[in-house]
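The values are calculated or read from the model by the stated rules, or taken from the named source; none is laboratory data. Not measured: the values here are computed from a predicted model. Cβ placement follows ideal geometry from the backbone for every residue including glycine, while neighbour counts extend to all protein chains displayed.
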There are 2 protein chains.
Amino acid sequence: MKQSTIGHETPQVTARDKVTGVALYGGDLKMPGMLHLKVLRSPHAHARIVRIDTEAARALPGVHLVLTGEDTPERLSGVMHKQHRILATGKVRFIGEEVVAVAAVDEETARDALDLIHVEYEELPAVLNPDHALMQGTIEVHQGTGNIAHEYDICQGDVEKAFETAAAVYEATYETHSQYPGYLEPMATVAWMGANDRLNVWTPSQMPFLQRMRFAEALDRPVSTIRIIQATTGGGFGGKTVEECNSLICAWVATKTRRPVRFLNSRLDDFQGARASVPERIWLKMGVNAEGIIVAKDVRIIAECGAYAGLAPEVLQVSVMRSDNMHRTLKNVRSHATLVYTNCPPRGAFRGFGGTQMTFCVSSHLSVLADKIGMDPIDLHTLNAVRSGDVTVHGFEVGSSGLSECLAQVRTAMNWDEKRRRPKGAGAKRRGIGMGAAIHVSGNRAMGNWDGSTIALKINPDGRVMLYTGEADIGQGANTMLAQICSHELSIPIDHVTVMPLDTDSSPYGLGSVASRVTVNGGMAAIKASKEALGKLLALAADKLGVPESELMFQNGEVISESAGATGAERARISYGDLARMHIYRHGGEGLQVTATYDPPTVMANSQQYGNVAPAYSFAAQGVEVEVDVETGKVSIVDTYISDDCGKALNPLAVHGQSCGAVTQGIGWTLYEQLHYQDCRLMNGNFADYTMPTADSIPEIRSGIVESNDPNGPYGAKGASETAIVPGAGAIANAVYDAVGVRINSLPITPEKVLAGLAELAKFKVIETEPEHAGI
Amino acid sequence: MKQSTIGHETPQVTARDKVTGVALYGGDLKMPGMLHLKVLRSPHAHARIVRIDTEAARALPGVHLVLTGEDTPERLSGVMHKQHRILATGKVRFIGEEVVAVAAVDEETARDALDLIHVEYEELPAVLNPDHALMQGTIEVHQGTGNIAHEYDICQGDVEKAFETAAAVYEATYETHSQYPGYLEPMATVAWMGANDRLNVWTPSQMPFLQRMRFAEALDRPVSTIRIIQATTGGGFGGKTVEECNSLICAWVATKTRRPVRFLNSRLDDFQGARASVPERIWLKMGVNAEGIIVAKDVRIIAECGAYAGLAPEVLQVSVMRSDNMHRTLKNVRSHATLVYTNCPPRGAFRGFGGTQMTFCVSSHLSVLADKIGMDPIDLHTLNAVRSGDVTVHGFEVGSSGLSECLAQVRTAMNWDEKRRRPKGAGAKRRGIGMGAAIHVSGNRAMGNWDGSTIALKINPDGRVMLYTGEADIGQGANTMLAQICSHELSIPIDHVTVMPLDTDSSPYGLGSVASRVTVNGGMAAIKASKEALGKLLALAADKLGVPESELMFQNGEVISESAGATGAERARISYGDLARMHIYRHGGEGLQVTATYDPPTVMANSQQYGNVAPAYSFAAQGVEVEVDVETGKVSIVDTYISDDCGKALNPLAVHGQSCGAVTQGIGWTLYEQLHYQDCRLMNGNFADYTMPTADSIPEIRSGIVESNDPNGPYGAKGASETAIVPGAGAIANAVYDAVGVRINSLPITPEKVLAGLAELAKFKVIETEPEHAGI
């Protein structure tokens, strides 16, 4: 057999089906008699629904069903706050909120029917933004909340006292904005009622089992009567979790039509319906002593969840404290954070999950503080960097940290020291260099007191393995990782392992692809399950070959006994396939199937958010070189290097892919992508006006891997799909500052802001503009 | 909750989906881009394929693919004898054999394409029947076989010596014929290549896992790359086992088209392609002593398997020895049986599985012998009837036998003694009464050394249960039985148990619905799995409630502690749903799933077919009253009573249903249904000419149940779906004899045979024909 793929560049096991068009995404499933669903969305940010006239729509030939909020189950659902019905009822709370659903024979008819629906609204004053939300006497988005969805107030150490020991203190306020998940595949769902009155839902999802639980709540029906089959998922980035509503509405309508229903989000639907990331205004104060030790951090956050809370409280919890854990030195921290309702669209989970917002501020801050004490920022980061074995200020037990190594890689790869020292030039185009660093979790004991993963393996009578999991491959390569591990442990070719389609009816219970948890938790479960399967194979082989288990070895899908050579020249051997058949066809036999669960040795955070919530922590550092055009304000990324401490790169190809994708998404957030709201109305819900970076705005992304070998991860591995998005914004802001001396604390870093900053600078000093090609 | 359904009339859990049209049968699945398959069948019983010209067919617009035997994998496949390729190659061996397959955009085009295919054959002499097959120098169907597919030669005791002790000996030769399975749903399959290059096959099947194994062999591809999903199955009766070719051809073509393919048998296709039952010519000699004890039995069988052996060797093995085991007295038996190839269509498995053929002879024989010694045949049967605890001549360890009770029920229900004594009348219509008795297995350790069954249960967070099994509900009620048991054991309503669709990808390995094995083996596994699940629930509840497990009880989906009442008036209680959630959301948690296998304490038969092959044995007796029209020869069933010893009627409604169906099928075989072959050509492959009994030819079937409480069965139950087909033919033949004195040993009992028999009789005595209404 080929050698183990662990540690080797391995094409994704899902790739062939994707490139040959065999893979079926959410919208690809077609069923006989299938109806098509469209929803009418609220045109008002806040209004009372007075009357809905659906008569003309119902009368349109081809229309099967027109449903309003009154038809939805009365039970309220939601992640932490139960405040949502499937369609708006009584009030609409944001522009784009789903008000009426139409199922018709085709999409065109459904769309035509929407035009025939007349909704009479009584407009209410809208809560436009967090400041507005928190003003005395402002109308409430949800009654009795004072527009406050959630608050955090945590403190460790003595912040005030610690600041007294600081050689330099810096405080600033940062603004971060919402980013649209921007997956290639907009949400699309097909749902139908099947045998036994069970609801079947074919939908892309990062967490089918939790989605099933949420459907049960929202549809008010027993969870076991719902089946979710994960469609091939064309990216998630947090947008395909338990907040998204396309699948929920489609599932509910299917219970009414008794015919299959497809709900395909147009890109505008998806912009309006998807949960973008949580915008936060962060006031940050940090101090370092003369040696560069970070002595204290004080933070206040106002974050906006929009009209419904969803996962935003969990996101904010991460902003509040996670970045602190990358500094072993930091013992005094205080955070106060408020999550605020507005009548803007709801925001929620997004790759990086709140870490990105705060790390932008921290990286910017540390660069300023380094300057203040005359220290190189990489040195400052390295000095404070958490190390393997540390227990952090919030109780993270860091089994492995390659943060310092990541920083060192960046220093070398970016030619940091030389570029820091070089003159910035005086032409229109100035170059600057900056860096940032980040921590992320690999798993998070936050979804109830369980963060485990279960893998079931079936050894078929041909010796090949079927692997069942409730975790979800959303494009990131989870299935490849699991197949690699199983193939490695059992010593069989990787294409002899099939990761079975995720189906809540047949897969073991699992939490899914969130919190970068799958490699550690799923991977460890895969090792455990493989070892159990191997144990059964060896026991059978020992019995069959008449050789003690201790004298058996296994290789290339066979169990081999060296010692049975006594009878002849050949070694005794028996294939897994024969053993699997033997496992069935004997007295007391049965199909060879094993199930194993790995639950990491973590704890839930306490009310002060203290606790070792993850089995492992990933780290990353990023260096960025920018070119700033001082005439246009345009910032271009000239070069970037991301170093990811993923513990052990089980598949360097996949780690590199994740790093590149994350860096690109980070660049997009920092420079290009901005959801424009005007009085809570999204003004650019399309890819022409919402400008994700295209190939010409992204340099070749260079990436490095640090293998810190985590004691809790499979072969030392940690999660590698989110960390690399976290350090980018700060690195870019620092590079811009390095280039032109303009510190921009408000994202995105647009040409306008750069020019405004330059203008502000010009009030104090004359910018030398050299003629181009000055050196020639 | 409602009380347990065990022992109570329980509607089938599959019924609602079937009557509302939700259930999808083989042909109901429609997929986008689906092609339609038709096959060209051989018009010759035996011919060499010289040339196949498919050019014109390929050129027909809409035709996607035309395939011949040369395109099929070279590997030969089959049950015991490997002799079959997917399409005929080189030679055709029966009329109807599949020669060319066409996949086209619709059925009409595919049919049209068949007309454009020219196959040049070189006709060979056909082997027309078993006598012809065994003639010296006859051409061979399969070279080197001498046309003998299989032989049995077994002997227990000393037959010759035993015959010497007989007071009466009778020998006769019987002819039995083929019966078409006659399921409502002709075979229909949809197959497609899916993700990971796996072959998906949607097909009705009695044994999806063994079918998968067979596909792997025939398609020469790894078994794990094949997925069989059991479509709702509209009856099987042995016709949807590993012999049928509709699904195999469809599956194979799907590997070539890369588009979904549907193959829907027309009824003619199905008549030509299905395996009818094995026709046997049986020479039988039995002797009884003066007391009525059966002292010896000698039998010679020539059976015809047609062109391919399939399961016919196994069928013949049953004919050879099973009926012997219903007589505790019988110690001296000898059987020689030869299975013969002819160029007729292949025959194979059929409800009753060879027992029906031999029991017709034995019941006829015992009636004659009883007459000879002046004994009532029920008395004779009862005297010899096997009893609980007996070990029979072939090693069957009979844990329970209610055969005597069945016979007693028949005696009473039929008003036997009075009707036996009454004058037969002398009008045109003469009434007569007859009976037969039967034994059948509940399971059979014959498919490799395993006859076990595995059940997996998942307890969902709503407390409801999903039950996974590799056994197959083919309409007989297996799913209902399993749901009843699980609901009973766990004390939850039956509709809180969903038996999940059978899918080789997600169901545990299982052998399927053959040999009436599911109630005992599947049922015992369901008890075992339920108890394991309950154990987990109780352990969790003990932990949660702080009460020792011994003080807990369970009821209606809750675990209840009486003793925790100390804290207040109320008893402590916790629902299964809460426990299932708790099983996940805690340290070391996971989804609550258990798997249990029951493998019965049986052995494989030795070369003399000796051994206790089944965990339990079912018995039945049937009484029949006929009216024979001596002018037309027509035999009408006036009344019948079937008594079935199913151990324990878990669901009397289902047992009655199976009894009625089996009796009807037995009547059909005995009186009406006959596959007419002319030079090996089926002449009546349609329901107009192949006359299955309709409602007007079947009386109200009365049925009784004997509960012998088998020690190995679930709550004492045994299989109840086949036994009742076995005694009918003998009972009817005996009743005809009783009515008009004509003994017919050749099935079916047609008016022509009756008239011929009457004419034969008339040579010896004058039949008195009274005027009608003589009594008035």
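Among the residues here, A:ALA688 qualifies as assigned to a loop (DSSP other than H, G, I, E, B) and either at pLDDT 95 or above or not assigned by TED's automatic domain parsing to the domain that holds A:HIS488 (or both). Checked against (1) in contact with an Asp or Glu (Cβ under 7 Å, 6 or more places away or on another chain); (2) surrounded by fewer than 20 Cβ atoms within 10 Å (Cβ to Cβ); (3) not in a loop (DSSP other than H, G, I, E, B), B:LYS544 passes all but a single condition, namely (1). Only residues that are within 13 Å of another protein chain (Cβ to nearest Cβ), of a type in the set (A, V, I, L, M, F, W, C) and in a helix (DSSP H, G or I) were counted across the stretch A:577-604, and they come to 3.
Looking at B:ARG421, B:ARG430, can you tell me which residue is farther than 23 Å from B:THR359 by Cα, away from chain A (no Cβ under 11 Å) and either touching a residue at least 40 places away in the same chain (Cβ under 8 Å) or buried (at least 23 other Cβ atoms within 10 Å of the Cβ) (or both)? Lay out the reasoning, then the answer.
On the way: B:ARG421 fails: either touching a residue at least 40 places away in the same chain (Cβ under 8 Å) or buried (at least 23 other Cβ atoms within 10 Å of the Cβ) (or both).
Checking each option against the conditions leaves just B:ARG430.
The sole residue among B:ALA756, B:ALA739, B:ALA720, B:ALA735 that is of a type in the set (Gly, Ala, Ser) and under 20 Å from the mean Cα position of the chain (by Cα) is B:ALA720.
Check the stretch B:459-477 and report whether any residue there is part of a helix (DSSP H, G or I) and either under 30 Å from A:PRO501 (Cβ atoms) or free of Cβ contacts under 8 Å to residues at least 12 places away in the same chain (or both). Before the answer, list the steps.
From the stretch B:459-477, those part of a helix (DSSP H, G or I) are none; that's our starting set.
Looking through the stretch B:459-477, none of the residues is part of a helix (DSSP H, G or I) and either under 30 Å from A:PRO501 (Cβ atoms) or free of Cβ contacts under 8 Å to residues at least 12 places away in the same chain (or both).
Candidates in the stretch A:641-664 are the residues that are of a type in the set (Gly, Ala, Ser) and within 12 Å of A:GLU722 (Cα to Cα); of these, the one that is nearest to the chain's Cα centre (by Cα) is A:ALA662.
Going by the structure shown, is A:ILE485 touching a residue at least 12 places away in the same chain (Cβ under 8 Å), within 13 Å of chain B (Cβ to nearest Cβ), crowded, with 24+ Cβ neighbours inside 10 Å and within 26 Å of A:GLY657 (Cβ to Cβ)? Spell out the reasoning first.
Numbers: touching a residue at least 12 places away in the same chain (Cβ under 8 Å): yes; within 13 Å of chain B (Cβ to nearest Cβ): no; crowded, with 24+ Cβ neighbours inside 10 Å: yes; within 26 Å of A:GLY657 (Cβ to Cβ): yes.
Criteria not met by A:ILE485.
Does B:VAL520 meet the test of being touching a Cys at 6+ places or on another chain (Cβ under 8 Å) and β-branched (Val, Ile, Thr)? No, not satisfied.
Specify which of the listed residues (A:VAL253, A:VAL261, A:VAL169) is in contact (Cβ under 8 Å) with a residue 12 or more places away in the chain, of a type in the set (Val, Ile, Thr) and under 30 Å from A:GLY374 (Cβ atoms). Explain how you work it out, then say what you get.
Working: A:VAL253 fails: under 30 Å from A:GLY374 (Cβ atoms); A:VAL261 fails: under 30 Å from A:GLY374 (Cβ atoms).
Answer to the check: A:VAL169.
Within the stretch B:379-390, is even one residue under 22 Å from the mean Cα position of the chain (by Cα) and either crowded, with 24+ Cβ neighbours inside 10 Å or in a helix (DSSP H, G or I) (or both)?
In the first step, residues of the stretch B:379-390 are kept if they are under 22 Å from the mean Cα position of the chain (by Cα); the result is none.
Looking through the stretch B:379-390, none of the residues is under 22 Å from the mean Cα position of the chain (by Cα) and either crowded, with 24+ Cβ neighbours inside 10 Å or in a helix (DSSP H, G or I) (or both).
Take the conditions (1) touching a Leu at 6+ places or on another chain (Cβ under 9 Å); (2) surrounded by 23 or more Cβ atoms within 10 Å (Cβ to Cβ); (3) of a type outside the set (Val, Ile, Thr); A:TYR170 misses just one of them, which is (2).
Might you check whether a residue that is of a type outside the set (S, T, N, Q), more than 27 Å from A:GLN206 (Cα to Cα) and surrounded by 17 or more Cβ atoms within 10 Å (Cβ to Cβ) occurs anywhere in the stretch A:14-35? No, that holds for no residue.
Among the conditions (1) outside any strand (DSSP E or B); (2) aromatic (Phe, Trp, Tyr); (3) within 22 Å of A:TYR170 (Cα to Cα), A:TRP252 misses just one, which is (3). A single member of B:ILE439, B:ILE455 is within 14 Å of chain A (Cβ to nearest Cβ), assigned to a strand (DSSP E or B) and of a type in the set (Val, Ile, Thr), and it is B:ILE455. Is it the case that some residue within the stretch A:109-122 is buried (at least 22 other Cβ atoms within 10 Å of the Cβ), under 32 Å from the mean Cα position of the chain (by Cα) and at pLDDT 95 or above? Within the stretch A:109-122, none of the residues are buried (at least 22 other Cβ atoms within 10 Å of the Cβ), under 32 Å from the mean Cα position of the chain (by Cα) and at pLDDT 95 or above. Of the residues making up the stretch B:188-216, those that are assigned to a helix (DSSP H, G or I) and either over 24 Å from the mean Cα position of the chain (by Cα) or among the hydrophobic types (A, V, I, L, M, F, W, C) (or both) number 8.
The lone criterion from (1) part of a helix (DSSP H, G or I); (2) in contact with an Asp or Glu (Cβ under 9 Å, 6 or more places away or on another chain) left unmet by A:GLU314 is number (2).
Give B:SER550, B:SER607 a once-over and let me know the one that is assigned to a helix (DSSP H, G or I), away from chain A (no Cβ under 14 Å) and either farther than 26 Å from A:ASP505 by Cβ or free of Cβ contacts under 8 Å to residues at least 12 places away in the same chain (or both).
Checking each option against the conditions leaves just B:SER550.
Give the residue that is farthest from B:PHE263 (Cα to Cα), with candidates limited to residues of the stretch B:30-43 that are at pLDDT 95 or above and touching a Lys or Arg at 6+ places or on another chain (Cβ under 9 Å). Even if it seems obvious, please write down each step before you answer.
Step one: of the stretch B:30-43, the residues at pLDDT 95 or above are B:34-43.
Narrowing further to those that are touching a Lys or Arg at 6+ places or on another chain (Cβ under 9 Å): B:34-38, B:42-43.
Details: B:MET34: 10, B:LEU35: 9, B:HIS36: 6, B:LEU37: 5, B:LYS38: 7, B:SER42: 18, B:PRO43: 20 Å.
Here the answer is B:PRO43.
Among the residues examined, B:GLU151 does not qualify as over 30 Å from A:PRO501 (Cα atoms) and part of a helix (DSSP H, G or I). Within the stretch B:338-354, identify whether any single residue is farther than 30 Å from B:GLU97 by Cα and either in contact with a Lys or Arg (Cβ under 7 Å, 6 or more places away or on another chain) or not in a helix (DSSP H, G or I) (or both), and answer yes or no. Within the stretch B:338-354, none of the residues are farther than 30 Å from B:GLU97 by Cα and either in contact with a Lys or Arg (Cβ under 7 Å, 6 or more places away or on another chain) or not in a helix (DSSP H, G or I) (or both). I want to confirm something. Restricting to the stretch A:187-210 and keeping residues that are among the small types (Gly, Ala, Ser) and within 16 Å of A:GLY26 (Cβ to Cβ), which single residue is farthest from the other protein chains (Cβ to nearest Cβ)? Among them, the one singled out is A:SER205. Taken together, the residues in the stretch A:492-503 that are buried (at least 23 other Cβ atoms within 10 Å of the Cβ) and within 7 Å of chain B (Cβ to nearest Cβ) amount to 1.
Out of the residues in the stretch B:504-533 meeting the condition of being over 21 Å from the mean Cα position of the chain (by Cα) and not in a helix (DSSP H, G or I), tell me which one is nearest to the other protein chains (Cβ to nearest Cβ). So that I can check it myself, show each step before the final result.
The initial filter retains those residues of the stretch B:504-533 that are over 21 Å from the mean Cα position of the chain (by Cα), namely B:504-508, B:525-533.
Applying the additional criterion that residues be not in a helix (DSSP H, G or I) yields B:504-508.
On the way: B:THR504: 9, B:ASP505: 6, B:SER506: 3, B:SER507: 8, B:PRO508: 5 Å.
So, considering only residues that are over 21 Å from the mean Cα position of the chain (by Cα) and not in a helix (DSSP H, G or I), the one nearest to the other protein chains (Cβ to nearest Cβ) is B:SER506.
Among the residues of the stretch A:722-744, at least one is surrounded by 17 or more Cβ atoms within 10 Å (Cβ to Cβ) and either assigned by TED's automatic domain parsing to the domain that holds A:GLN484 or more than 25 Å from A:ARG431 (Cβ to Cβ) (or both). Inspection of the stretch A:640-653 identifies at least one residue that is more than 14 Å from chain B (Cβ to nearest Cβ), modelled with pLDDT of 95 or more and out of contact with any helix residue (DSSP H, G or I) (no Cβ under 8 Å at 6 or more places or on another chain). For the residues A:GLU70, A:GLU9, A:GLU74, the requirement of being in a helix (DSSP H, G or I), away from every other protein chain (no Cβ under 14 Å) and surrounded by fewer than 17 Cβ atoms within 10 Å (Cβ to Cβ) singles out A:GLU70.
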